[in-house]
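Engineer: Structure provided below as structure tokens; questions to follow.
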Amino acid sequence: MLLVDFQKQLDHFSLEMQFELDREILALVGSSGSGKTTLLNCLAGIVHPDVGTISLNGQEFFSGGQKPLKIQKRKVGYLFQDYALFPHLSVEQNILYALSRGTDVSHITELTKILGITGLLGKYPHQISGGEKQRVALTRAMAVQPDILLLDEPFSALDDANRDRCQDELLRIHEKWQIPIIFVTHRIADAEKLADRILRIEKGQMTEQTVY
């Protein structure tokens with residue numbers, strides 16, 4: 001269970017978030033600059049709230065007055081909007097980058113099959129398409145066997161065919177792994193297809209929450 005209750009002062013408004021999330025898919029919608037990515041970054045530990053608390057399955061990520069939990073100790077998978085693949089590393093090296101030596105990688109073999117990238121492992125990012133980069137980045141985010149998955153505009157650079165395929169694959173992964181997933185999108189159609197819940201954020205405020 002993810003528990004979020006914090007405030008973070010941004011340039012033009014205060015981001016005020018308060019919600020709980022079980023093993024569901026939550027879509028964050030709202031205009032650009034409304035605070036959606038900042039929320040993801042607070043969950044990941046890239047930035048920290050000013051006050052409040054964030055916890056996942058009883059583990060405190062952030063609690064006012066205490067030192068925030070380090071990024072490396074949060075079991076968070078994060079798919080960045082630009083995918084953030086290392087250009088000098090192969091697909092396989094990108095996927096394994098965050099893993100310690102000797103880690104069991106049997107789950108990664110399964111992920112590469114689910115996402116259809118087994119044949120890409122020896123290639124480099126500049127040799128694969130946008131849709132393939134998205135699936136590689138998703139595999140890397142899941143490689144650490146996270147307790148929560150964060151996706152920032154994961155489908156924005158994809159054509160319709162690749163978007164549908166990647167969305168279907170995400171649903172398959174969620175069904176199998178049963179972890180909370182939060183994704184940012186500007187497309188209401190994406191939110192309605194994938195999400196159990198939709199949270200609308202405008203100027204840092206939660207203005208609407210739809211439960212299906």
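Engineer: By average Cβ neighbour count within 10 Å, what is the ranking of 35-44, 17-26, 57-66, 127-136 from highest down?
Structural biologist: Ranking, from highest mean packing down: 35-44, 127-136, 17-26, 57-66.
Engineer: Taking the Cβ of LEU85 as the center, what net charge do the other residues with Cβ under 14 Å away carry, scoring Lys and Arg +1 and Asp and Glu -1?
Structural biologist: Around LEU85, the surrounding residues sum to +1.
Engineer: Amide H to amide H under 5 Å from LEU79: which residues, 5+ apart in sequence or cross-chain, H placed 1.01 Å off N in plane?
Structural biologist: Amide H neighbours of LEU79: LEU150, LEU151, ASP152.
Engineer: Next question. Using a cut-off of 10 Å between beta-carbons, work out the net charge of the residues near THR37 (Lys and Arg +1, Asp and Glu -1, THR37 not included).
Structural biologist: Charge balance in the 10 Å sphere: -1.
Engineer: A further question on this structure: In square nanometres and to one decimal, what's the mean projected area of the convex hull around the Cα atoms of the range 12-58?
Structural biologist: 4.0 nm²
Engineer: From the backbone phi of the range 30-40, what are the Karplus-calculated ³J(HN,Hα) couplings (6.51 cos²θ - 1.76 cosθ + 1.60, θ = phi - 60°) in whole Hz, Gly and Pro given as x?
Structural biologist: Along the range 30-40, the couplings run x, 6, 4, x, 8, x, 5, 5, 4, 4, 4 Hz.
Engineer: Once you charge only the Cβ atoms, +1 for Lys and Arg and -1 for Asp and Glu, what is the size of the charge dipole of the range 1-50 about its Cα centre, to the nearest 20 debye?
Structural biologist: 180 debye
Engineer: Could you tell me how far the Cα centroid of the range 1-40 sits from the Cα centroid of the range 154-212, in Å?
Structural biologist: Their Cα centres are 14 Å away from one another.
Engineer: In addition: Lys/Arg Cβ at +1, Asp/Glu Cβ at -1, dipole of the range 46-108 taken about the Cα centre: which of GLN66, THR53, HIS88 is farthest positive-ward?
Structural biologist: Checked the options; the winner is GLN66.
Engineer: Report the Stokes-Einstein translational diffusion coefficient (µm² s⁻¹, integer) for the range 136-212, Rh taken as the Kirkwood radius over Cα pairs, at 10 °C with viscosity 1.306 mPa s.
Structural biologist: The Stokes-Einstein estimate is 118 µm²/s.
Engineer: Please report the antiparallel percentage of DSSP beta bridges with both residues in the chain, rounded to the nearest 5.
Structural biologist: Here the share of antiparallel DSSP bridges comes out near 60 percent.
Engineer: Another question, if that's okay. Given contacts defined as C-alpha pairs under 8 Å and at least six residues apart, what's the relative contact order of the range 1-121, whole-number percent?
Structural biologist: The normalised contact order for the range 1-121 reaches 19 percent.
Engineer: From zero up to wherever the largest Cα-Cα distance of the chain sits, split into 10 Å bins and tell me the percent of pairs in each.
Structural biologist: With a bin width of 10 Å, the distribution comes to 8, 35, 36, 18, 3.
Engineer: If you put +1 on each Lys and Arg Cβ and -1 on each Asp and Glu Cβ, how big is the dipole of the range 111-212 around its Cα centre, in Debye rounded to 20?
Structural biologist: About 320 debye.
Engineer: Using the Cα centre as the reference, give the magnitude of the dipole from point charges on the C-beta atoms of the chain (Lys, Arg: +1; Asp, Glu: -1; all else neutral), rounded to the nearest 20 debye.
Structural biologist: 620 debye
Engineer: Once you list every other residue whose beta carbon is under 9 Å from the beta carbon of GLY116, what net charge do they have if Lys and Arg are +1 and Asp and Glu are -1?
Structural biologist: Result for the local shell: +1.
Values quoted throughout were computed directly from the atomic coordinates according to the rules given, and no laboratory measurement underlies them. Worth saying up front: this structure is predicted, and the values here are computed from it rather than measured. Cβ coordinates were reconstructed from backbone atoms using ideal geometry, including for glycine residues, and neighbour counts include every protein chain displayed.
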